[in-house]
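Novice: Next up is a structure, given as structure tokens.
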Amino acid sequence: MRPSFGLNHLFTAALALLACFGTAAQTETPAGAGVVVRLDARLDALVPAGATIEKLADGFVFLEGPVWLREESRLLYSDLRGNAIYQWTMAEGPSDYVKPFFHGDGTGLRGVGPNGVALDAEGRLLVCVYGSRSVVRLEKDGTLTTLAERFEGKRLNSPNDLVVARDGIVYFTDPSFGLEGMDNSPLRELTFNGVYRLEPNGQLELLTREQERPNGLVLSPDESILYVANSGGVVTGWMAYDLGPNGLSNKRVFRDITGVQGEGGADGMKVDLAGNVYATGPGGVWVIAPDGTHLGTIRPPEALTNVGWGDDGRTLYITGRTALYRMC
């Protein structure tokens, strides 16, 4: 039997026990196809001894995602520069799901494929697409429905990542990463990189334009906090905002990694039920407590882009730039 990874299946009593753990000396232990760096004893309840990193598939161009289809026991993940969404199952391994995803010439773009993916309440796939500079929904019949492509009449830059709240509202980031020349691209119509809220009725609201390089984002378990990765600028790292009907407030630095050395940067992330954040950053997946303490790092052997829960919350799937991993 695999050890239970993450807090999704731990009892409330175990959550209270976390507060009793203190800081531990740094240790680095082998974990299959990678290592685990332990900085705080609280990590032991989240990444137990014996948890291993496995490489599931490789040979890709630039992976993103991933998202778990629970009823099908199937993982979907995107390749933004390979212009595809792939699938992985225990029985069949990796295979094509939608390839190619974007149909167009890609003139003036650094990548044309799908980036962040998420599921709505009906199990439909929502996708940020560099090629079309839009957020789309993949319908059950395989057709695409555009959900957002313009703000105040101007084309979005290159929607990057998204998260769906329980009420169906979609939050997404729109940096200029997908444009050649990025902020200096002649194709750019907006003068800022934004974080948006998309209502189920199609209304699009700009929540903030103050981050230089908004990237991955995730909601806290009670959906009262929006975490947003900032991949460059004055402060590189993860920001936190209080989230309410009127938008964002109480901006603060959740974890500053400005100047931290390591392959990769602040990118995609997820949370567990106790509010711990699992964020891809320099040198691996940073596990960060709700109070901002860096508990440790899960470190596969390459730069990472995103993570996602699977197997009913027992497994963390990890996308590297060229390979797919899991830790369980």
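The values are calculated or read from the model by the stated rules, or taken from the named source; none is laboratory data. Nothing here was measured: the structure is a model prediction, and the numbers come from that model. Neighbour counts run over all protein chains shown; Cβ positions are idealised from the backbone, glycine included. Heavy atoms of the whole protein, side chains included, go into the accessibility calculation; ligands, DNA and RNA do not. Shrake-Rupley method; radii C 1.70, N 1.55, O 1.52, S 1.80 Å.
Novice: If a residue has to be assigned to a loop (DSSP other than H, G, I, E, B), out of contact with any Lys or Arg (no Cβ under 6 Å at 6 or more places or on another chain) and not aliphatic (A, V, I, L, M) to count, how many in the stretch 177-204 make the cut? Even if it seems obvious, please write down each step before you answer.
Specialist: Narrowing the stretch 177-204 to residues assigned to a loop (DSSP other than H, G, I, E, B): 177-178, 180-181, 185-193, 199-203.
Going one step further and asking which of them are out of contact with any Lys or Arg (no Cβ under 6 Å at 6 or more places or on another chain), we end up with 177, 181, 185-188, 191, 193, 199-203.
Add one more test, that the residue is not aliphatic (A, V, I, L, M), and what stays is 177, 181, 185-186, 188, 191, 193, 199-203.
So the answer is 12.
Novice: Do we find that E64 is crowded, with 22+ Cβ neighbours inside 10 Å and within 16 Å of V285 (Cα to Cα) in this structure?
Specialist: yes
Novice: Next question. Does any residue of the stretch 133-140 turn out to be closer than 28 Å to D312 by Cβ, surrounded by fewer than 20 Cβ atoms within 10 Å (Cβ to Cβ) and modelled with pLDDT under 95?
Specialist: Yes, the conditions are met somewhere in the stretch 133-140.
Novice: Same structure, new question: When you scan the stretch 259-326 for strands (runs of 3 or more DSSP E) that lie fully inside it, which ones turn up with 1 or more residues that are open to solvent by 10 Å² or more (accessible area, probe 1.4 Å) and touching a Phe, Trp or Tyr at 6+ places or on another chain (Cβ under 8 Å)?
Specialist: Values: elements: 269-271, 277-281, 284-288, 294-299, 304-310, 315-320.
Result: 269-271, 284-288, 294-299, 304-310.
Novice: Can you tell me which residue in the stretch 241-253 is most open to solvent (accessible area, probe 1.4 Å), limited to those that are under 19 Å from the mean Cα position of the chain (by Cα) and of a type in the set (A, V, I, L, M)?
Specialist: Out of the qualifying residues, it is V253.
Novice: Give the residue, chosen from T280, T297, that is in contact (Cβ under 8 Å) with a residue 40 or more places away in the chain and within 24 Å of E223 (Cβ to Cβ).
Specialist: T280
Novice: How many residues are over 15 Å from P159 (Cβ atoms) and touching a Lys or Arg at 6+ places or on another chain (Cβ under 7 Å) if we restrict to the stretch 205-230?
Specialist: Residues that pass the stated criteria total 3.
Novice: Mind counting the residues in the stretch 245-258 that are in a strand (DSSP E or B) and either touching a His at 6+ places or on another chain (Cβ under 8 Å) or at pLDDT below 95 (or both)?
Specialist: Residues that pass the stated criteria total 1.
Novice: Output the residues belonging to the stretch 75-107 that are in a loop (DSSP other than H, G, I, E, B) and among the polar types (S, T, N, Q).
Specialist: Within the stretch 75-107, N83, T107 meet the criteria.
Novice: Any residue at all in the stretch 48-67 that's in a strand (DSSP E or B) and without any contact (Cβ under 8 Å) to a residue 60 or more places away in the chain?
Specialist: No, the stretch 48-67 contains no residue that is in a strand (DSSP E or B) and without any contact (Cβ under 8 Å) to a residue 60 or more places away in the chain.
Novice: Let me ask another. For P159, state whether it is free of Cβ contacts under 8 Å to residues at least 24 places away in the same chain, open to solvent by less than 70 Å² (accessible area, probe 1.4 Å) and not in a strand (DSSP E or B). Before the answer, list the steps.
Specialist: Details: free of Cβ contacts under 8 Å to residues at least 24 places away in the same chain: no; open to solvent by less than 70 Å² (accessible area, probe 1.4 Å): yes; not in a strand (DSSP E or B): yes.
In short, no.
Novice: Take the residues of the stretch 219-235 that are modelled with pLDDT of 95 or more, of a type outside the set (D, E, K, R) and open to solvent by 30 Å² or more (accessible area, probe 1.4 Å): which is nearest to P282 (Cα to Cα)?
Specialist: S231
Novice: Take D256 and decide whether it is more than 22 Å from S78 (Cβ to Cβ) and loosely packed, with under 14 Cβ neighbours inside 10 Å.
Specialist: For D256, the condition - more than 22 Å from S78 (Cβ to Cβ) and loosely packed, with under 14 Cβ neighbours inside 10 Å - is not met.
Novice: Could you please give the count of residues in the stretch 99-126 that are more than 20 Å from the chain's Cα centre (by Cα) and of a type in the set (A, V, I, L, M)?
Specialist: 1
Novice: Which residues, counting only those in the stretch 162-187, are of a type in the set (D, E, K, R) and surrounded by 13 or more Cβ atoms within 10 Å (Cβ to Cβ)?
Specialist: D174, E180, D183
Novice: Sticking with this one: Show the residue pairs that are 6+ apart or on different chains and have beta-carbon atoms under 7 Å apart, the first residue being within the stretch 242-269 and on the phi > 0 side of the Ramachandran plot, the second being assigned to a strand (DSSP E or B) and small (G, A, S).
Specialist: G264/G281
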